[in-house]
1. Step through the table entries A:LYS100/B:LYS44; A:LYS42/B:LYS19; A:LYS56/B:LYS40; A:LYS100/B:LYS67, compare each Cα-Cα distance with 20 Å, and write down the pairs that go over it.
2. With a Cα-only, solvent-free Debye model of the protein assembly as shown, what are the log10 I(q)/I(0) values at q = 0.16, 0.17 Å⁻¹?
3. Taking every residue in B:40-47, how many Cβ atoms of other protein chains lie within 10 Å of its Cβ, on average?
4. Just to confirm, what accessible area per residue do you get for the protein assembly as shown at 1.4 Å probe, in whole Å²?
5. Percent of accessible area on the range A:4-112 owned by carbon and sulfur, 1.4 Å probe?
6. Name the residue farthest towards the positive end of the dipole of the protein assembly as shown from the options A:ALA110, B:HIS77, B:THR31, assuming +1 on Cβ of Lys and Arg, -1 on Cβ of Asp and Glu, about the Cα centre.
7. Output ³J(HN,Hα) for the range A:53-60: one whole-Hz value per residue in order, computed from phi by the Karplus curve 6.51 cos²θ - 1.76 cosθ + 1.60 with θ = phi - 60°, and x for Gly and Pro.
8. For the range B:4-110, just say rounded, prolate or oblate: build the C-alpha gyration tensor, square-root its eigenvalues into a ≥ b ≥ c, call rounded for a/c under 1.5, and beyond that prolate if a/b exceeds b/c, oblate if not.
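The values are calculated or read from the model by the stated rules, or taken from the named source; none is laboratory data. Just so you know, these numbers come straight off a predicted model, no measurement behind them. Every residue, glycine as well, gets a Cβ built from its backbone with ideal geometry; the counts of neighbours run over all protein chains shown. Quick note on the areas: whole protein, heavy atoms, side chains included, nothing else; ligands and nucleic acids left out. Shrake-Rupley method; radii C 1.70, N 1.55, O 1.52, S 1.80 Å.
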Amino acid sequence: QKEVEQDPGPLSVPEGAIVSLNCTYSNSAFQYFMWYRQYSRKGPELLMYTYSSGNKEDGRFTAQVDKSSKYISLFIRDSQPSDSATYLCAMGEKEGNNRKLIWGLGTSLAVNP
Amino acid sequence: DTAVSQTPKYLVTQMGNDKSIKCEQNLGHDTMYWYKQDSKKFLKIMFSYNNKELIINETVPNRFSPKSPDKAHLNLHINSLELGDSAVYFCASSRYSGEQYFGPGTRLTVT
């Protein structure tokens, strides 16, 4: 079993839809969680960073962490064609010296006008 | 201003050659990374340096040798290039909190 599981998609939605992207993980030692967005032929761009269970909101994006279920989600409200990209989840055991992130495979999202 | 920069952006070379990729960050971070992203888009960590000290060294052929002259720079030298080395190589940097910031990538094609 991989440490981090993420459905690669592709996921195709109409403009304005609410998008839900998810990752599950097996290592209960993971303490911090990130979502990155990667456009084609570009580097990953940090979208959201969370350190604890609960929700964190930033504009149209909401990150949700449920440590008891080992499940994280990224919600995109009022999705736009410009949101079309690959979304990668990443997580790590602790801050400080051990900064190795474990990555999901990424979910490819297409938002159709 | 570019936060994490890499050169070159594209690199096309023949099997057996030796090449280098350079990375620089102006974020004041103390940790830098090299990742390889293959055609299936999976991001694989290769190396990490913290204050010029190697802290992550994954199972990578010893043809790959990183070098960090100072906290702001991390270079990757690849000897005897093989077809399987074709990929996009990303440099990233982070501070204590762990959030990593990526460069634009170097697309390496070995023919």
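1. Result: A:LYS42/B:LYS19; A:LYS56/B:LYS40 exceed 20 Å.
2. Result of the Debye calculation: -1.12, -1.24.
3. For this peptide, the per-residue mean of nearby foreign Cβ atoms is 4.
4. Numbers: 10870 Å² over 224 residues.
Per residue, the protein assembly as shown has 49 Å² of solvent-accessible surface.
5. Accessible surface attributable to carbon and sulfur in the range A:4-112 totals 47 percent.
6. Highest projection toward the positive end goes to B:HIS77.
7. Working through the residues one at a time gives 5, x, 10, 9, 10, 8, x, 7 Hz.
8. Cα axes put the range B:4-110 in the prolate bin.
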